[in-house]
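**Student:** After the C-alpha cells below, expect a handful of questions from me.
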Amino acid sequence: SRPKGTMSNYRYPWPASAVGPEEMAMLYLARESSQEGRATITELLAEAARAQYGHLADQSQLTTQPQRRFNAPPKKLTQKNVFRKLQQLDLPTKTKTLLRELYESAADLVRRIVSFLYANRVFATYLALGICLYVCLGPIPVIGKLLASLGLTFGMLYGLFRKLEFDVQRQFAVLVAQPA
C-alpha cells in the first residue's frame, strides 16, 4: 500500500456519471472557442481542476502543464484555423490569396492520394515496404543508394503485380464457373 499523503501514480476513475448535459455543453463551447488549436475535454477538465483546487496542493506536487496521455488524439488543424492564421500573417493580400488556393489544391491532392491508396491497399502496403527499404538502405556507403532504389522499385512492382494478380483472379472467377 502507498504511504498516506502521497499522490504518486494514483489515478482516480473517470467521473463521467457526475458530468451532466449542462457541464458537457459548457466544456464543448470552451473546447470550440479555445485559442491554441482545439483543446480536448480532458485537458479542459484538468485546467479547471487546477484553477479551482490548485491552491490546496503543495506546489512541489503540481507540474506546470497537465500530463498528456500517449493515446490522446493530436489537436486538429482545421481548414478554418489555417485560413484564420493565414489572415493574421503580415503578407500582401495577393500572397494570402495564393496561399489559400495552394492549401486547397494540396488538400485536394492529399485526399485523392489517400483515396487511391485506400482503394489499392495491397499496392500501398508494398509501397510502404519499399519506402522503408529506401530509408534503411540509403545510408549504406557506396552501394546504399543503389540498393535503396532497387528496394523501392521492387516494393512498388511487387505491390503492382499483387494487385494485378488479384484483379485477374477476380475476373477469372466471374468468367469461369466454379465447380459445385
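The values are calculated or read from the model by the stated rules, or taken from the named source; none is laboratory data. The structure presented is a predicted model; accordingly, all values stated were derived computationally and were not measured. Note that we place each Cβ from the backbone using ideal geometry, even for glycine, and neighbour counts take in every protein chain shown.
**Student:** Filter segment 104-124 for residues that are polar (S, T, N, Q) and at pLDDT 85 or above and give the result. Quick ask: steps written out before the conclusion?
**Tutor:** In the first step, residues of segment 104-124 are kept if they are polar (S, T, N, Q); the result is 105, 115, 120.
Scanning segment 104-124 gives SER105, SER115.
**Student:** Kindly check whether there is at least one residue in segment 49-58 that is exposed (fewer than 10 other Cβ atoms within 10 Å of the Cβ), closer than 30 Å to ARG84 by Cα and either modelled with pLDDT of 70 or more or of a type in the set (Ser, Thr, Tyr) (or both). Give the derivation first.
**Tutor:** Of all residues in segment 49-58, those exposed (fewer than 10 other Cβ atoms within 10 Å of the Cβ) come to 51-53, 55-56, 58.
Retained after the next criterion (residues that are closer than 30 Å to ARG84 by Cα): 51.
If we keep only those that are either modelled with pLDDT of 70 or more or of a type in the set (Ser, Thr, Tyr) (or both) too, we end up with 51.
Among the residues of segment 49-58, at least one is exposed (fewer than 10 other Cβ atoms within 10 Å of the Cβ), closer than 30 Å to ARG84 by Cα and either modelled with pLDDT of 70 or more or of a type in the set (Ser, Thr, Tyr) (or both), which makes the answer yes.
**Student:** For segment 127-156, give me each residue that is surrounded by fewer than 13 Cβ atoms within 10 Å (Cβ to Cβ) and either touching a residue at least 60 places away in the same chain (Cβ under 8 Å) or on the phi < 0 side of the Ramachandran plot (or both). Let's see the steps before the verdict.
**Tutor:** Of segment 127-156, the ones surrounded by fewer than 13 Cβ atoms within 10 Å (Cβ to Cβ) are 135, 139-143, 146.
VAL135, PRO139, ILE140, PRO141, ILE143, LEU146, listed by residue number.
**Student:** Is there a residue in segment 9-32 that is at pLDDT below 60 and basic (Lys, Arg)?
**Tutor:** The answer is yes; a qualifying residue exists.
**Student:** Regarding SER149, is this residue assigned to a helix (DSSP H, G or I), of a type outside the set (A, V, I, L, M, F, W, C) and under 26 Å from the mean Cα position of the chain (by Cα)?
**Tutor:** Numbers: assigned to a helix (DSSP H, G or I): yes; of a type outside the set (A, V, I, L, M, F, W, C): yes; under 26 Å from the mean Cα position of the chain (by Cα): no.
For SER149, the condition - assigned to a helix (DSSP H, G or I), of a type outside the set (A, V, I, L, M, F, W, C) and under 26 Å from the mean Cα position of the chain (by Cα) - is not met.
**Student:** Just name the residue that is farthest from ARG84 (Cα to Cα) out of those in segment 97-138 that are assigned to a helix (DSSP H, G or I) and polar (S, T, N, Q).
**Tutor:** Once the filter is applied, the top-ranked residue is THR125.
**Student:** Looking only at residues in segment 88-103 that are exposed (fewer than 11 other Cβ atoms within 10 Å of the Cβ) and either at pLDDT below 85 or among the small types (Gly, Ala, Ser) (or both), which one is farthest from THR78 (Cα to Cα)?
**Tutor:** Keep residues of segment 88-103 that are exposed (fewer than 11 other Cβ atoms within 10 Å of the Cβ), which gives 88-90, 92-94, 101-102.
From what is left, the residues that are either at pLDDT below 85 or among the small types (Gly, Ala, Ser) (or both) are 88-90.
Working: GLN88: 16, LEU89: 17, ASP90: 21 Å.
Applying the filter and picking the extreme gives ASP90.
**Student:** Here is a list: ARG100, ARG112, ARG121. Which entry is free of Cβ contacts under 8 Å to residues at least 40 places away in the same chain and farther than 30 Å from ASP167 by Cα? Steps first, please.
**Tutor:** Numbers: ARG112 fails: farther than 30 Å from ASP167 by Cα; ARG121 fails: farther than 30 Å from ASP167 by Cα.
Sole residue among the options that is free of Cβ contacts under 8 Å to residues at least 40 places away in the same chain and farther than 30 Å from ASP167 by Cα: ARG100.
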